[in-house]
Structures are given as structure tokens and as C-alpha cells.
Amino acid sequence: MNTADLFGSQLLPGMILTPDFISVDQEIGLIESIDASGLTPFRFRGWQGKRLTMSYGSSFDFVSGRMLIGEPVPHWLNGLRGRAADFAGLPAKDLVHVQLTRYDPGAGINWHRDRPQYGHVVGVSLGAAAALRLRRNIEGKFKRFDVLLAPRSIYLLSGDARQHWEHSIGSLAATRWSITFRSLSLAGKAALQHALVAMSSTATVGDQR
Ligand SMILES: O=C(O)CCC(=O)C(=O)O
């Protein structure tokens, strides 16, 4: 029996969606914590997005193109991280990166695949419902698929859905929040190792002064 049989519907190979993963009270508490977390506009090289984000743990820096060791994952996310990891069939410690996002009216996210440094992607949706649009280029033609992300639902992107399909969310009419947990791919683990070595050699140079 695979994870989809146990926990939700498999929509594409590697994509599972489960409604009502958290309660309304939990949703309200998570939204309050996200709003209090110090969100800032998402930046990609010289460009600034309308959505607001905050990241914890190991993360990819879109400005320098490097893996960074970020702020530790705060305690208020630990319970949800454990449940999200169970949902994805992973140990909680593998979800090393957490991204909080707020999409105010007019904000969305353009077509993309998550960075190859990341492995599994697990997303919890809060607030307004949104359509997650998916597309895959097959011999010059896009195959498309839309998935409704209801508030309090959780989705997993892995395998085919993660590697071969791009996803996006169009401009929203009402505010939506999301919590995205990510594991590292082999490339991400190597990049993280590199970042840790660079950090420890900087510390050693500093110590010698
Ligand atoms: O808000 C979401 O659920 C999607 C987020 C996403 O695709 C991203 O940050 O790369």
C-alpha cells in the first residue's frame, strides 16, 4: 500500500492531496504566528514579488544562488512539521527547510519547479482557497492540470509531479497563507555540507584574530 492509499488522493504520480489536515482553530493560530514572523517581500535576483515570505532552516538563497544555514525552525512549527513528515512518509528531521508565505490580494506565484537542491515538497494551505496550476511540456505541447488547494489541506509533491511538472498560482482575490516544508536532494545535501565547511572555516579565521 502506498502513501496515497493511506492518506489521500493521488492526483498525478507523486502528488497527493488531503483535505482537512488541520482544524479551524489550528488554522487561526498558524495564521497569527505567520503574520507575527517578520514576513518580507520575496526577492529573486533583482526582482521583488508581491508575496511575502519567511524561511527557516537550511535554505536556498535566490540572490547569491547558494545554500544558506538559516534561523532554526521555531517551536510553534514542530508539531505540524512532524505531521507533515508522517504524511510524506519521511522522518521529521528530513524536512530541513520551512517557508512561510502570505499572498495578499493580487499576489500569486509564477510557473516554476522548486530548486533542484530540494527533494520532497509538502505544502499546507490556510485562508483563501487557490488553484494550483500544473503543467508539463510534452513534445512542445503543455499538458495542464489544476488542483484546488482548499484551506487546511496538505499536498505532497514528489517523484514525477516534483521533477517533471511546473506549478504556479494565479493572482488571488483574497488572502492565502501557506507553510511549505522541503527536504534536501543529494545535490542539496552536498551544497549544505559545503556551506557548513565554509561557515566553520570563517569561524576559525575569526578565532585567530
Ligand atoms: O503556496 C504554495 O502552496 C506554493 C508555494 C510554492 O510553489 C513555492 O514557494 O515554490
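The values are calculated or read from the model by the stated rules, or taken from the named source; none is laboratory data. This is a predicted model, so every value here is computed, not measured. Here Cβ is always computed from backbone atoms with ideal geometry, including for glycine, and neighbour counts include all displayed protein chains.
Key figures for this structure:
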{"quantity": "Top-ranked residue of segment 108-121 - restricted to ones that are surrounded by 13 or more Cβ atoms within 10 Å (Cβ to Cβ) and near the ligand (Cβ under 10 Å from one of its atoms), ranked as farthest from Arg182 (Cα to Cα)", "calculated": "Gly108"}
{"quantity": "Filter pass, Ile69 being among the β-branched types (Val, Ile, Thr), more than 25 Å from Asp35 (Cα to Cα) and more than 11 Å from the ligand (Cβ to nearest atom)", "calculated": "no"}
{"quantity": "Residue that is surrounded by the fewest Cβ atoms within 10 Å (Cβ to Cβ) [pool: residues in segment 144-177 that are among the basic types (Lys, Arg) and farther than 15 Å from Gly14 by Cβ]", "calculated": "Arg144"}
{"quantity": "Single residue of Arg133, Arg182, Arg162 found to be within 12 Å of the ligand (Cβ to nearest atom), in contact with a Gly (Cβ under 9 Å, 6 or more places away or on another chain) and in a helix (DSSP H, G or I)", "calculated": "Arg162"}
{"quantity": "Entirely in segment 22-98, the strands (runs of 3 or more DSSP E) that have 2 or more residues that are at pLDDT 90 or above", "calculated": "40-44, 47-61"}
{"quantity": "Verdict on Leu126 being among the hydrophobic types (A, V, I, L, M, F, W, C), surrounded by 15 or more Cβ atoms within 10 Å (Cβ to Cβ) and either within 14 Å of the ligand (Cβ to nearest atom) or part of a strand (DSSP E or B) (or both)", "calculated": "yes"}
{"quantity": "Qualifying residues in segment 149-159 (those that are more than 12 Å from the ligand (Cβ to nearest atom) and either basic (Lys, Arg) or out of contact with any Pro (no Cβ under 7 Å at 6 or more places or on another chain) (or both)) - the one nearest to Val121 (Cα to Cα)", "calculated": "Ser158"}
